[in-house]
Structure formats: structure tokens, C-alpha cells
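The values are calculated or read from the model by the stated rules, or taken from the named source; none is laboratory data. Since we're looking at a predicted model, the values are computed, not measured. Counting neighbours? That spans all protein chains shown, and the Cβs are built from the backbone with ideal geometry, glycine included. Just so you know, the surface numbers come from the protein's heavy atoms only, side chains and all, with ligands and any DNA or RNA stripped out. Shrake-Rupley method; radii C 1.70, N 1.55, O 1.52, S 1.80 Å.
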Amino acid sequence: MSEWSLAGEELSTARLALRRPTEGDIDAIFAIHSDPATCLHNPSDALARPEEAEALYQRWNNQWQSCGYGYWVVRRHNSARQLGFCGIKPMDLNGMNVLNLFYRFATSAWGQGFASEAAIAVTDWVSRHVTDLPLIARVRPANAASQRVAVRAGLMRAEHLDGPGHDGFDWIYAAKLPG
């Protein structure tokens, strides 16, 4: 793990604190990912059993250990309640190594700008610490709210990268694409 990853485990915005997940977040991982509304556009992400949340946490934690970055737990300052998750994971998109920007929030946190605020913090962190990879967000064409978050985070439509995803056709929003 590199030196910057340790400093990058916690991010802060005007309203939000973002930190690396711990085992104590498994219940929130399950609660958010088992809500049909939060996975409406990505049904393959839906969790049905608590042990699936444990496995998801382990994948997130393994990525933090191997890459030095991953998904952050998002909360309001001075609150223990998890609003959602936002972060990045390395992946392949059409033969290109990229970072995928992810955000998923409890329905109680929708419509308050939390996803955009967290995504902007993560995007800013990426621009300082992982400068060698393009940043993308895969969004379903019908998910207007997610599209707005991607744009607010500084990503722009990259129609030439659109294509099939796990749960249907993906629109790609991107930043830092190679020339």
C-alpha cells in the first residue's frame, strides 16, 4: 500500500465525512443493497441475505488492501448513521484500464445532494492521487438522477464507450480519457 492511500482513507466535505468501511458497516451495506429502490437500475447488485453483505464488505476491504483505495462510507459530520457509499474500483472497459465511480445511497438520503457532494470529493481525490487512469461512471439511460451526479462530479458523456453492462445498456460518463 502506498503512503498516499493511508491519508486518502478519510475524506471530508462541508456536510459529509467519508471513511473506509469497517466490519461495523456490514448491516448498513445490507440495508442499502437489499432495498429494491436503491438497486432498481442495477438489480444484479441487490442483496438478499446478510451473508452477501459480509462477502461484499470483504471484496471492498480486499480492494482497499491491494489498491490503497476503494469505496468510502458516507455519513454526515458528527453522525454515526451511514447515508450510503461512494468510491472507485479498477476495471476494464473495452480493453482500457479505468476507475469506475460508484455511488449508492439509502432512499432517505435521496434528493439532498449527498451523492453529488460525495462523488465530487472522490473525483477530486482521484485527480490528486490516481492520475494515470481515466475515471468513468456507468449509468443506465433511464437513471436521470445518477446521470446528474456524474455530471456534477465533472464527468462528461462519452457515447463512443457506451455498451452492454451487467444489467443492461450502459451510458458512459468519463474524465481524463486518453487523447
Revision key, fill the gap. Given a 1.4 Å probe, the accessible area of the stretch 34-81 per residue, as a whole number of Å², is 55
Study note, to complete from the structure: Scalar couplings 3J(HN,Hα) for the stretch 47-59 by Karplus 6.51 cos²θ - 1.76 cosθ + 1.60 (θ = phi - 60°), nearest whole Hz, x for Gly and Pro, are 10, 10, 9, x, 5, 5, 5, 4, 5, 5, 4, 4, 4
Review point. What residue among ASP27, ASP92, ASP124 shows peak mean-square fluctuation when the chain is described by a Gaussian network model with Cα springs under 10 Å?
Key: ASP92
Exercise for review: Under a 10 Å cutoff between Cα atoms, tell me which one of VAL73, VAL130, VAL151 has the largest fluctuation in the Gaussian network model of the chain.
Suggested key: VAL130
Study note, to complete from the structure: Of every hundred units of 1.4 Å-probe accessible area on the stretch 62-165, the number belonging to carbon and sulfur atoms, as a percent, is 49
Review point. Ordered by residue, what ³J(HN,Hα) values in Hz, to whole numbers, does the stretch 80-87 give under the Karplus form 6.51 cos²θ - 1.76 cosθ + 1.60, where θ = phi - 60° and Gly and Pro are x?
Key: 8, 6, 7, 8, x, 9, 8, x
Exercise for review: Please give the residues of the stretch 129-171, grouped as numeric ranges, whose backbone N is less than 17 Å from a label point set 7 Å along the Cα-to-Cβ vector of ASP92.
Suggested key: 134, 163-166
Check your understanding: Ordered by residue, what ³J(HN,Hα) values in Hz, to whole numbers, does the stretch 154-163 give under the Karplus form 6.51 cos²θ - 1.76 cosθ + 1.60, where θ = phi - 60° and Gly and Pro are x?
Key -> x, 8, 10, 4, 10, 4, 5, 9, 4, x
Revision key, fill the gap. Note on the chain: alpha-carbon gyration tensor, axes a ≥ b ≥ c; rule is a/c under 1.5 for rounded, else prolate if a/b larger than b/c, else oblate; result rounded
Revision key, fill the gap. At the level of C-alpha centres, the distance separating the stretch 105-179 and the stretch 86-103, in angstrom, is 10
Study note, to complete from the structure: With Cα springs under 10 Å, the Gaussian network model of the chain assigns the largest mean-square fluctuation among GLY113, GLY95, GLY163 to GLY95
